[in-house]
Amino acid sequence: RYRLIDRRYLRQALADDELLPVRRAIAGKNVLVTVAFNDRDLIEWHLRLCNKFLPPHAHLIADNSDDAAAATAIRRTCLAHGALYLKLPDNPWTARGNGSRSHGAAMNHVWQHVIRPGAPRAFGFLDHDLFPTAPDDPFKLLDQHDWYGDFRHCADRWFLWAGYCFFRFDAVRDIPLDFGLDWFAGLDTGGGNWEILYRQADRTQ
């Protein structure tokens, strides 16, 4: 049942006039993706500090808000700070009050409809309440690794936390990534990639 709901959501394609400019803007570049949810102030500070402390990059705000006024304010904030903006379709998990599933579904929608066809050099997901406080390059480690992030554990399984995970596109472009959760295995958002990606990987690398 969960997977059926996810598949229905992923089939909700956005209009070409919204998708195509974003895909063109990220092609061959490093792109940060931040999922927004009803909080313009977080996005304001997030963009202000990312622009101040991180090297030049494309920054996409994928708006998962269910409040129209908040979404309008977030769009204006993105325009003011030179960020890309994309309003995602209404998320069925938000209406059901399941924030983790809502966030994972939003990430999967971005992966399927934006990142995969857009073919950036590298991409990373950064939560909207994470704020750089000094110069840094979150893409630098991808010079030596296919992907990296914040490790989370559950018994003998592990995954990269959905709020801080980075991938070299050519290393995962042909993998059907799943940033959702696997609640029955105790894995939160991002844990859906355990069977697909992490289980086969040498964690020491």
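The values are calculated or read from the model by the stated rules, or taken from the named source; none is laboratory data. This one's a predicted model, so the numbers in the text were calculated from it and none came from an experiment. No Cβ is skipped: glycine too gets one built from the backbone with ideal geometry, and neighbour counts run over all protein chains shown. With ligands, DNA and RNA removed, areas are computed over all heavy atoms of the protein, side chains included. Shrake-Rupley method; radii C 1.70, N 1.55, O 1.52, S 1.80 Å.
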_Among the residues of segment 112-122, what is the count of those that are open to solvent by 10 Å² or more (accessible area, probe 1.4 Å) and closer than 14 Å to Asp170 by Cα?_
4
*asked:* Exactly one of these conditions fails for Gly192: (1) within 28 Å of Leu54 (Cα to Cα); (2) touching a residue at least 24 places away in the same chain (Cβ under 8 Å). Give me its number.
replied: (1)
_Please return the ranges of helices (runs of 4 or more DSSP H) entirely within segment 2-115 where 2 or more residues are hydrophobic (A, V, I, L, M, F, W, C) and within 19 Å of Leu177 (Cβ to Cβ)._
2-10, 16-26, 99-110
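Each row is one residue, and each column tells you yes or no for (1) part of a strand (DSSP E or B); (2) open to solvent by 30 Å² or more (accessible area, probe 1.4 Å).
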| site | (1), (2) |
| --- | --- |
| His128 | no, yes |
| Phe131 | no, yes |
| Ala134 | no, yes |
| Asp137 | no, yes |
| Leu141 | no, yes |
| Phe151 | yes, yes |
| Phe159 | yes, no |
| Ala162 | yes, no |
*Does Asp174 satisfy the criteria of being open to solvent by 90 Å² or more (accessible area, probe 1.4 Å), modelled with pLDDT of 90 or more, over 24 Å from Lys52 (Cβ atoms) and not in a helix (DSSP H, G or I)?*
yes
*Conditions (1) exposed (fewer than 15 other Cβ atoms within 10 Å of the Cβ); (2) modelled with pLDDT under 95; (3) farther than 30 Å from Leu4 by Cα: number failed by His57*: (1)
